[in-house]
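After the structure tokens below, expect a handful of questions from me.
The values are calculated or read from the model by the stated rules, or taken from the named source; none is laboratory data. Source: prediction; values computed, not measured. Here the Cβ positions follow ideal geometry from the backbone for every residue, glycine too, while neighbour counts run over all protein chains shown.
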Amino acid sequence: MRTIYLNGNYTAETEGKVSVFDRGFLFSDAVYEVVSVLDGKLVDFGGHVQRLARSLGEIGINGAPDADGWLAICRELVARNNLEEGMIYWQVTRGAPEDRDFVFPSADTPPTVLAFTQSRALVDNPLAQRGSRVITMPDLRWGRADIKTTQLLYASMMKNEAIVRGADDAWMERNGWITEGSAQNAHIITHDGVLVTHPLNRDILHGITRASVLPLVAQRIEERPFSIREAEQAAEAFVSSASGFVMPVVKINEQIIGNGQPGSATVQLRRAYIDWARQTAI
């Protein structure tokens, strides 16, 4: 049984209790982060804590732990759960007022702060060996994808629809242009050896793994939108995320990418990122 962190206390996962009036529960009025753990150490911690602070600021939630506080929480959870490889999920809600109301509660309402571990094989992920198959679906999310909120119903619906249709995941598109995956940034490598990735704006989450991967890329990089057709005709494709690292994509819709196996540049980039993550984890 896991030990979780909830509002200043470490407790058994079965003992954690949150008010039925918590705004995260009633309104998805909350933001979150996921930090990977390798060899018992935190990967890209600084980037994740900075993005969490930005998300909290964008929606006006106060009172969450600072960077030192999150670091102490994460290290305590790693120790108590003997976590060597996996993730730590953080969530901060606007708290629990006395009743349900669309109007925000007073600014001094304490936030609900939650963190828990998930043990998972990240390096030896079988999907990295065979490659992911994705389908494209309309991006119908709200217009602030750059804020990492817990409003994940549409992304969850897309992923499940992809599985029903025989794929592993979905890439979202607006007006024929790829934005990102259900929980990942999307990238392609052209036959000219150029890595193309969507620019940072409100249409995509500003990926922490994306930011760490791009400096490791040997290819020329173009930050620009790319179309479904360009993606289907790419030499290689992959996604980046905290839990998946660099994950090859071998099929987009009905189009096989390359020879249907993880591309050599993608495989090399995944290895480079894992090496970097191990060297820099804290």
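Which one is surrounded by the fewest Cβ atoms within 10 Å (Cβ to Cβ) among residues in region 53-84 that are more than 25 Å from ALA121 (Cβ to Cβ) and either of a type in the set (A, V, I, L, M) or not assigned by TED's automatic domain parsing to the domain that holds ASN9 (or both)? Write out each step before concluding.
To start, the set of residues in region 53-84 that are more than 25 Å from ALA121 (Cβ to Cβ) comprises 53-69, 72.
From what is left, the residues that are either of a type in the set (A, V, I, L, M) or not assigned by TED's automatic domain parsing to the domain that holds ASN9 (or both) are 53, 56, 59, 61, 64, 67, 72.
Numbers: ALA53: 16, LEU56: 20, ILE59: 15, ILE61: 22, ALA64: 20, ALA67: 14, ALA72: 12.
If we take residues in region 53-84 being more than 25 Å from ALA121 (Cβ to Cβ) and either of a type in the set (A, V, I, L, M) or not assigned by TED's automatic domain parsing to the domain that holds ASN9 (or both), then ALA72 is surrounded by the fewest Cβ atoms within 10 Å (Cβ to Cβ).
What strands (runs of 3 or more DSSP E), lying completely within region 188-282, carry at least 1 residues that are assigned by TED's automatic domain parsing to the domain that holds GLU173, surrounded by fewer than 19 Cβ atoms within 10 Å (Cβ to Cβ) and free of Cβ contacts under 8 Å to residues at least 12 places away in the same chain? Talk me through it step by step, then tell me what you get.
On the way: elements: 194-197, 220-223, 236-241, 245-252.
Passing ranges: none, list empty.
Restrict the check to region 34-43 and report whether at least one residue is closer than 28 Å to ARG210 by Cα, without any contact (Cβ under 8 Å) to a residue 40 or more places away in the chain and buried (at least 16 other Cβ atoms within 10 Å of the Cβ). So that I can check it myself, show each step before the final result.
At the first step, the residues of region 34-43 found to be closer than 28 Å to ARG210 by Cα are 34-43.
Among the residues that remain, those that are also without any contact (Cβ under 8 Å) to a residue 40 or more places away in the chain are: none.
No, every residue in region 34-43 fails to be closer than 28 Å to ARG210 by Cα, without any contact (Cβ under 8 Å) to a residue 40 or more places away in the chain and buried (at least 16 other Cβ atoms within 10 Å of the Cβ).
Yes or no: GLU58 farther than 21 Å from ILE147 by Cβ and not aromatic (Phe, Trp, Tyr)? Full working, then the answer.
Details: farther than 21 Å from ILE147 by Cβ: no; not aromatic (Phe, Trp, Tyr): yes.
When the stated conditions are applied, GLU58 does not pass them.
Could I ask something else about it? Condition check: in contact with a Lys or Arg (Cβ under 6 Å, 6 or more places away or on another chain), among the hydroxyl-bearing types (Ser, Thr, Tyr) and closer than 20 Å to ASP44 by Cβ. Does SER212 satisfy that? Lay out the reasoning, then the answer.
Details: in contact with a Lys or Arg (Cβ under 6 Å, 6 or more places away or on another chain): no; among the hydroxyl-bearing types (Ser, Thr, Tyr): yes; closer than 20 Å to ASP44 by Cβ: yes.
Answer is no for this residue.
If I ask for residues that are within 21 Å of ARG202 (Cα to Cα) and in contact with a strand residue (DSSP E or B) (Cβ under 9 Å, 6 or more places away or on another chain), which ones from region 160-179 would you list? Steps first, answer last, please.
Step one: of region 160-179, the residues within 21 Å of ARG202 (Cα to Cα) are 170-179.
Scanning region 160-179 gives ALA170, TRP171, MET172, GLU173, ARG174, GLY176, TRP177, ILE178, THR179.
Mind listing whichever residues of region 104-126 are β-branched (Val, Ile, Thr) and over 27 Å from the mean Cα position of the chain (by Cα)? I'd like the intermediate steps shown before the answer.
Filtering region 104-126 for residues β-branched (Val, Ile, Thr) gives 109, 112-113, 117, 123.
THR109, the sole residue that qualifies.
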